[in-house]
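Colleague: Following this message is one structure expressed as structure tokens.
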Amino acid sequence: MASEKDRLESADVDRIASAWQTHSDNSAKEKEEQEQKIRTRVQSLLTFHEQFHALMHCDHWRPLVSQERSYAAVLRKRTSYGNYLLSRVQMAQRLEFVDFVKKQYDSITKMKRTFRHSRENSREQFKEDDIDFLADEGDLVAGPERKESSYTIHLGGQLKKTMNVRLIVGQATSFLQRVESTESGYDPLHLQTCMNLYSKTLQGLVLIVDQWDCSSGLWKNVASLCSMWPELHFPPFEEQIVEARNTKDPWESGDVIVTKHSCLREVHLLFHVLLQGSKMEALNNEELNGRHPAILAMRNVMRLVWDFDVSVVTVPLFLLISFQPFMTSAWCQKRAELVFKCVKGFMIEMSSLSDDGSKTVQFLLPHNTPENIHVEMSEMLQMIFRSSTPLIKLSTS
């Protein structure tokens with residue numbers, strides 16, 4: 001009887017264990033199916049912006065860049081198009097690019113889902129892709145060189161915040177004009193710009209505009225640079241200007257227009273400071289004060305920088321794009337002191353009103369600035385901003 005009882009108890013234990021294992025397997029399968037449904041639902045909710053951002057941050061960015069290059073080849077034939085037909089072509093390219101990004105994202109998602117069932121093969125595959133991504137540097141194209149000096153500063157009263165300031169010698173167009181000299185060449189700075197397009201590390205450039213017309217002056221040059229490459233994320237430059245100007249009538253000196261871009265080399269945002277007539281001519285005067293519309297506009301620019309996730313902003317130090325004969329050493333020192341101190345004050349004001357992270361302000365000198373002026377501006381920047389300097393301790397042994 002005892003052995004029969006033991007046999008029955010053993011059978012019950014085996015049956016219970018088997019039932020529990022079956023239940024556990026079913027629960028795990030149901031859980032996996034439920035998680036898969038959730039992942040599918042989340043992926044279906046991803047927007048075009050999120051899909052583009054995800055593709056640019058993995059090793060599948062090349063199809064996107066190649067597609068943009070093919071669109072650019074079409075736009076280079078724009079001389080044979082009228083304005084109306086050209087706008088229709090650009091709109092068609094934007095719509096087609098949205099579908100292209102979605103198909104690429106769906107393809108990559110499906111591939112990763114397939115690899116998930118075989119973790120070992122998945123690891124090997126991704127290692128191969130990563131090596132290809134990192135080692136393929138021969139097709140990167142270098143852009144024009146610029147002189148740059150970078151400093152770390154601390155702003156504020158009791159609670160100081162760490163910021164960065166840079167002094168750069170170069171042309172403003174070097175931030176806009178892309179460098180791709182070969183059929184397979186990639187500009188690394190523009191790739192970085194694309195990667196940061198939908199992030200909290202946006203970059204902006206301040207332009208001072210005296211002719212408020214896209215058919216002349218600085219806006220004509222900007223429009224020409226923008227038209228060389230397809231704008232696949234935002235409306236064309238001219239449309240953004242027209243839309244912005246329709247929001248206010250009349251525009252006044254000191255007003256700021258912001259345009260968004262994805263086709264420029266290093267910037268996502270352009271801050272257009274509007275000046276006209278005597279206000280523009282006053283920039284040539286040595287005795288410029290802090291109540292000039294250009295200086296007051298800098299405060300609005302800094303407010304926008306702190307409000308809209310802009311991490312780097314470039315400001316023309318002399319408020320002019322080229323070095324002129326009348327710009328003596330004394331003139332440069334007065335103008336730089338005014339801009340340095342005003343921008344520093346605006347940075348302190350905006351940082352005290354926001355908990356946003358560190359910002360970088362770049363002061364741009366014209367590309368033809370003499371070397372002695374460059375040295376003087378570097379020394380003045382360190383003095384006004386009191387940049388951090390290393391402490392060197394000499395050994396007494």
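Colleague: I need the full set of residues from segment 286-301 which are surrounded by 13 or more Cβ atoms within 10 Å (Cβ to Cβ) and out of contact with any Lys or Arg (no Cβ under 9 Å at 6 or more places or on another chain), in order please.
Modeller: Ile295, Leu296, Ala297, Met298, Arg299, Asn300, Val301
Colleague: Test Thr328 against the stated conditions and say whether it is buried (at least 17 other Cβ atoms within 10 Å of the Cβ) and of a type in the set (Ser, Thr, Tyr).
Modeller: Taking the combined requirement at face value, the residue does not satisfy it.
Colleague: Looking at segment 288-300, which of its residues are touching a residue at least 24 places away in the same chain (Cβ under 8 Å) and touching a helix residue (DSSP H, G or I) at 6+ places or on another chain (Cβ under 8 Å)? Even if it seems obvious, please write down each step before you answer.
Modeller: So the first thing to find is which residues in segment 288-300 are touching a residue at least 24 places away in the same chain (Cβ under 8 Å), and the list is 288-290, 293-300.
Once the filter is applied, which keeps residues that are touching a residue at least 24 places away in the same chain (Cβ under 8 Å) and touching a helix residue (DSSP H, G or I) at 6+ places or on another chain (Cβ under 8 Å), segment 288-300 yields Leu288, Asn289, Gly290, Pro293, Ala294, Ile295, Met298, Arg299.
Colleague: With segment 169-286 as the region, which helices (runs of 4 or more DSSP H) entirely inside it contain at least 2 residues that are under 21 Å from the mean Cα position of the chain (by Cα)? First the steps, then the outcome.
Modeller: Values: elements: 188-195, 217-227, 237-245, 278-281.
Counting at least 2 such residues, we get 188-195, 217-227, 237-245.
Colleague: (1) more than 12 Å from Ser262 (Cα to Cα); (2) in contact with a helix residue (DSSP H, G or I) (Cβ under 7 Å, 6 or more places away or on another chain): which one isn't true of Met195, the others all being true?
Modeller: Only one criterion is unmet by Met195, namely (1).
Colleague: May I pose another question? Take the residues in segment 163-219 that are closer than 28 Å to Ala54 by Cα and among the acidic types (Asp, Glu); name whichever of them is modelled with the highest pLDDT.
Modeller: Of segment 163-219, the ones closer than 28 Å to Ala54 by Cα are 174-205.
Okay, now just the ones that are also among the acidic types (Asp, Glu), so 180, 183, 187.
Values: Glu180: 66, Glu183: 59, Asp187: 84.
So, considering only residues that are closer than 28 Å to Ala54 by Cα and among the acidic types (Asp, Glu), the one modelled with the highest pLDDT is Asp187.
Colleague: Just checking, how many residues over segment 151-173 are among the hydroxyl-bearing types (Ser, Thr, Tyr), surrounded by fewer than 17 Cβ atoms within 10 Å (Cβ to Cβ) and touching a residue at least 60 places away in the same chain (Cβ under 8 Å)?
Modeller: Taking segment 151-173 as the starting set, the residues that turn out to be among the hydroxyl-bearing types (Ser, Thr, Tyr) are 151-152, 162, 173.
Next, only the ones that are surrounded by fewer than 17 Cβ atoms within 10 Å (Cβ to Cβ) stay: 152, 162, 173.
Checking which are touching a residue at least 60 places away in the same chain (Cβ under 8 Å) leaves us with 152, 162.
Counting residues in segment 151-173 that are among the hydroxyl-bearing types (Ser, Thr, Tyr), surrounded by fewer than 17 Cβ atoms within 10 Å (Cβ to Cβ) and touching a residue at least 60 places away in the same chain (Cβ under 8 Å) gives 2.
Colleague: Pick out the one residue from Leu264, Leu275, Leu269, Leu317 that is within 19 Å of Leu365 (Cβ to Cβ) and assigned by TED's automatic domain parsing to the domain that holds Ala223. Before the answer, list the steps.
Modeller: Values: Leu264 fails: within 19 Å of Leu365 (Cβ to Cβ); Leu275 fails: within 19 Å of Leu365 (Cβ to Cβ); Leu269 fails: within 19 Å of Leu365 (Cβ to Cβ).
It is Leu317.
The values are calculated or read from the model by the stated rules, or taken from the named source; none is laboratory data. Computed from a predicted structure; not experimentally measured. A quick note on method: Cβ atoms are made from the backbone with ideal geometry, for glycine too, and the neighbour counts reach across all protein chains shown.
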